[in-house]
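Peer 1: Sharing a structure with you now.
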Amino acid sequence: MNRTDDNIKSASLAVHPELRRILLANPTPESLSTIIEYQLFDKPCPPLTDDIICLLPYWEQQACEGNEVLAALIQLMAKHSPRFMKNEKMIQANLQRIRILASTPGIFSFPPLEIQEHLVHFLQASDVLADLPELEVVSFSLDEITPLAADLTRSRLSLHSRRYVQNLFHTERREAILSVLAHIAKDYPLRSTCRQAYALMLSLDNPDIWAKHPFCLRLVANRFWEYKLDECK
């Protein structure tokens, strides 16, 4: 096969919707190599949105089962289709969770569909997970916490403080928190806690609500009271 034939093959594969769906549906090292070889994410036609929305439930299941190739696939998509990722915030948030779950070693000890279908139930009292030692790696500096001191002392945040808290949960910190929750969901010895950790991940799929989320507010409050205790020593 000469160079012209290679180009024709590459172009036809790049725009073939059914083949693209097959390659994306169940990522393996072989299918990922094919995706890279034929540059399926470079100017995709038709656009990716419909395919990705259809694949999200399947990818969620595979991520919970430890398909690490899926994480590499999502990273590749983000690299070659940044505009798509930026414009589709709902999809972006779901892909972030799926990528983190897929790259976290281990598998779920429970069916994820159970949590998805009864999310409100499993979120009950889930804010207490902020007290786990595993979450201590998520830190807030004293300078970040100090502007909230008065409101945290009386356990009631003003509207201004809530806007401030929202800024505390920037992209890197959200990534860190979701990564810890993924490890808890897959590795914690108590299955009930594993379920709650996954429920929290699902409930945090909208970055705009983190400042109102009981779990996130408890994280911030915990760090504040830790600083207060240190002052008393």
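The values are calculated or read from the model by the stated rules, or taken from the named source; none is laboratory data. These numbers come from a predicted model, not from an experiment. Here the Cβ positions follow ideal geometry from the backbone for every residue, glycine too, while neighbour counts run over all protein chains shown.
Peer 1: Return yes or no: is Leu190 free of Cβ contacts under 8 Å to residues at least 12 places away in the same chain, closer than 20 Å to Phe108 by Cβ, out of contact with any Pro (no Cβ under 8 Å at 6 or more places or on another chain) and not assigned by TED's automatic domain parsing to the domain that holds Met90?
Peer 2: So Leu190 fits the description; yes.
Peer 1: Just one of the numbered conditions (1) at pLDDT 80 or above; (2) surrounded by 15 or more Cβ atoms within 10 Å (Cβ to Cβ) is not true of Glu88; which one?
Peer 2: Only one criterion is unmet by Glu88, namely (1).
Peer 1: Quick one: Pro29 ticks every box in (1) closer than 24 Å to His213 by Cα; (2) more than 15 Å from the chain's Cα centre (by Cα) bar one, so which box is it?
Peer 2: The one condition Pro29 does not meet is (1).
Peer 1: Counting just the residues of segment 169-179 that are surrounded by fewer than 20 Cβ atoms within 10 Å (Cβ to Cβ) and assigned to a helix (DSSP H, G or I), which one comes out modelled with the lowest pLDDT?
Peer 2: Here the residue is Thr171.
Peer 1: Here's something else I'd like to know. With the structure loaded, tell me whether Ala150 is of a type in the set (A, V, I, L, M, F, W, C), part of a helix (DSSP H, G or I), in the same structural domain as Asp205 (by TED's automatic domain parsing) and within 24 Å of Ile100 (Cβ to Cβ) or whether it fails that test.
Peer 2: Judged against the criteria, Ala150 is not a match.
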